Amino acid sequence: MEINDLFKEKTVFSLEVFPPSKTNSINSIIKTLEGLKDLKPDFISVTLGSGGVRKDEKTIAVADIIQNHLNIPAIAHVPGLYKSRNEVDSIIQNLNRINVKSILALRGDRMDSLEPKGDFFHANELIRYVHKRYPDFDISSACYPECHQESTGFVEDINNLKLKINAGSNHLISQLFFDNQHFYDFQEKLKLSGINVPLEAGIMPCINKKQIEKIAEVSGVPVPEKFQNMLKKYENNKEALKEAGIAYAVDQIIDLLAHGVDGIHLYTMNNPDVARRIWDATKYAFKANQVQKVK
């Protein structure tokens, strides 16, 4: 079953993990994955950095564990800006070899230390290449409810999103956000523009103040006053911040489910305990939405 077919049957619940760093072996993530298995996610995506071959190999190895040992569909991230066609071919062929047939096609973050290879300056170019060369692959892409920070505005941003869809992407995963109203406004913009592929809301629980602030700065995601107040109140109390961060994420997810969101993509930061807490607090709402879809 292709990833986008899942949305016809249920409200999708998916997870994101990242592979071990270059100094850690692949075994270091097995405990994390085992901790996530019991949540029975519809799929798990695995990030891939913009760097070298070793990172590619680790992403493929983690995807292999997810797909073939946990028996959960895997999606591998493929950023194109610093990849040549041959390198992308190698990644896709290695994924195909382990029966992983889904990717999240990205441009990838710009890095001052690297020079683009010149084959894929934009995500839609990578999507078109993979879609034509490997038509049996399922391609997802990223979207930005609060607008991509390099874009001049939503008109340009949504036009770029249309290019991704027209090139062969059939499923969207949003960047993290902390204000659901921005996501609902974005949904309306997509509807008005004629984009109707499944859209998952990306949710990241805040359990580390510095980490969230860095991610928000790099990605250009605005931090609402309510969220800032939480960070300030509990920044010196690790356990209190963890509890507040989980509660904030749960509140976001319940509200999104009540509004009929297509799916939730949880950025786990490789923390299965937090992911489990969030799933336990929201699973009955997911099940209620599934019953309504069946009816």
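The values are calculated or read from the model by the stated rules, or taken from the named source; none is laboratory data. The model shown is predicted, which means the values in this text are computed figures rather than measured ones. Cβ atoms come from the backbone with ideal geometry, glycine included; neighbour counts cover every protein chain shown.
Okay, residues lined up against (1) assigned to a strand (DSSP E or B); (2) out of contact with any strand residue (DSSP E or B) (no Cβ under 8 Å at 6 or more places or on another chain); (3) at positive phi:
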| residue | (1), (2), (3) |
| --- | --- |
| Ile66 | no, no, no |
| His77 | yes, no, no |
| Asn86 | no, yes, no |
| Leu104 | yes, no, no |
| Ser141 | yes, no, no |
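Among His148, His131, which is modelled with pLDDT of 95 or more and of a type outside the set (D, E, K, R)?
Every option except His131 fails the conditions.
Can you find a residue that is of a type in the set (Gly, Ala, Ser), under 21 Å from Val78 (Cα atoms) and surrounded by fewer than 21 Cβ atoms within 10 Å (Cβ to Cβ) anywhere in the range 5-16?
no
Just checking, does the range 34-47 include any residue being over 29 Å from Tyr284 (Cβ atoms) and touching a residue at least 12 places away in the same chain (Cβ under 8 Å)?
yes
Being assigned to a loop (DSSP other than H, G, I, E, B), at pLDDT below 95 and hydroxyl-bearing (Ser, Thr, Tyr) is the filter here, so list the residues in the range 4-46 that pass it.
Within the range 4-46, Ser21, Thr23, Ser25 qualify.
Go through Leu70, Leu95 for me and flag whichever is within 16 Å of Tyr129 (Cβ to Cβ), of a type outside the set (S, T, N, Q) and at pLDDT 95 or above.
Leu95
Residues of the range 199-256 being modelled with pLDDT of 95 or more, under 21 Å from the mean Cα position of the chain (by Cα) and charged (D, E, K, R), which ones?
Glu200, Asp251, Asp255
Considering each residue of the range 184-201, count those that are more than 18 Å from Asn160 (Cβ to Cβ) and not acidic (Asp, Glu), and give that number.
3
Asn68 passes all but one of (1) closer than 23 Å to Gln93 by Cα; (2) in contact with a helix residue (DSSP H, G or I) (Cβ under 9 Å, 6 or more places away or on another chain); which number fails?
Just one mismatch for Asn68, condition (2).
Quick one: is Phe137 surrounded by fewer than 17 Cβ atoms within 10 Å (Cβ to Cβ), more than 23 Å from Leu192 (Cβ to Cβ) and of a type in the set (Phe, Trp, Tyr)?
Considered against the rule, which asks whether it is surrounded by fewer than 17 Cβ atoms within 10 Å (Cβ to Cβ), more than 23 Å from Leu192 (Cβ to Cβ) and of a type in the set (Phe, Trp, Tyr), Phe137 comes out as no.
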